[in-house]
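See structure below.
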Amino acid sequence: MKAPKGFTLAELMVVIGIIAILAAIALPLYQHYVAKAQVMAALADITPGRTPAEIILTEPVLGSWIKGTTAATKPHQLGLASSTPRCHNISVFMTGGSHMPQMDGDTYITCVIRGNALVNNKAIKWIMLNTAYGLYEVIRDPRGGTHPPIKGPPVGGRWFCVTDVPEPLWPAGCKGALPPRSSDGY
């Protein structure tokens, strides 16, 4: 009589159980990886709009702007699509400043993310604030304790990436809010 060849039912059940456990661990990790990639891709979709925004703000071609007026409200004004495979919609808001060139305007370029359940309908945006606000970043003193905060670099005229997606999914350089800022002269 020949010895039976192959696996027993118990051995097959153990193999299937191990595969199921590995899949249960890997699937959430993969979804997290995909969500982070979707956030970075959404940011990449709106990043090209920063250069045209700066050109609009610095070129004195639109001399009819009045302080506080809206300079751009449509994505196509910055060379962006109104939606992409990674953004449900892209919105733009730019205000005119008080002088020419217009660097005193505020600029917001926003993408409502299209992605998996971790990031769908969350927003990621580029923000550049008015230089005339006179705001500075507030930096905590590394010595800690009772030392007062340190006056950091000016906030106006710099681009900030801000998002409401969970922190582990933030692209490098993005934050959940603008940096702490103050007009005090510390």
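The values are calculated or read from the model by the stated rules, or taken from the named source; none is laboratory data. These numbers were taken from a predicted model, which means no experiment stands behind them. Counting neighbours? That spans all protein chains shown, and the Cβs are built from the backbone with ideal geometry, glycine included.
Structure summary
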read-out: First in the range 1-24 and at pLDDT 90 or above, second anywhere and among the small types (Gly, Ala, Ser) and surrounded by 10 or more Cβ atoms within 10 Å (Cβ to Cβ), Cβ under 7 Å, 6 or more apart; value: none
read-out: Within the range 81-113, tally of residues that are at pLDDT 90 or above, more than 24 Å from Ala177 (Cβ to Cβ) and either part of a loop (DSSP other than H, G, I, E, B) or in contact with a Gly (Cβ under 6 Å, 6 or more places away or on another chain) (or both); value: 4
read-out: Test result for Ala42, under 30 Å from His76 (Cα atoms), among the aliphatic types (A, V, I, L, M) and in contact with a Cys (Cβ under 6 Å, 6 or more places away or on another chain); value: yes
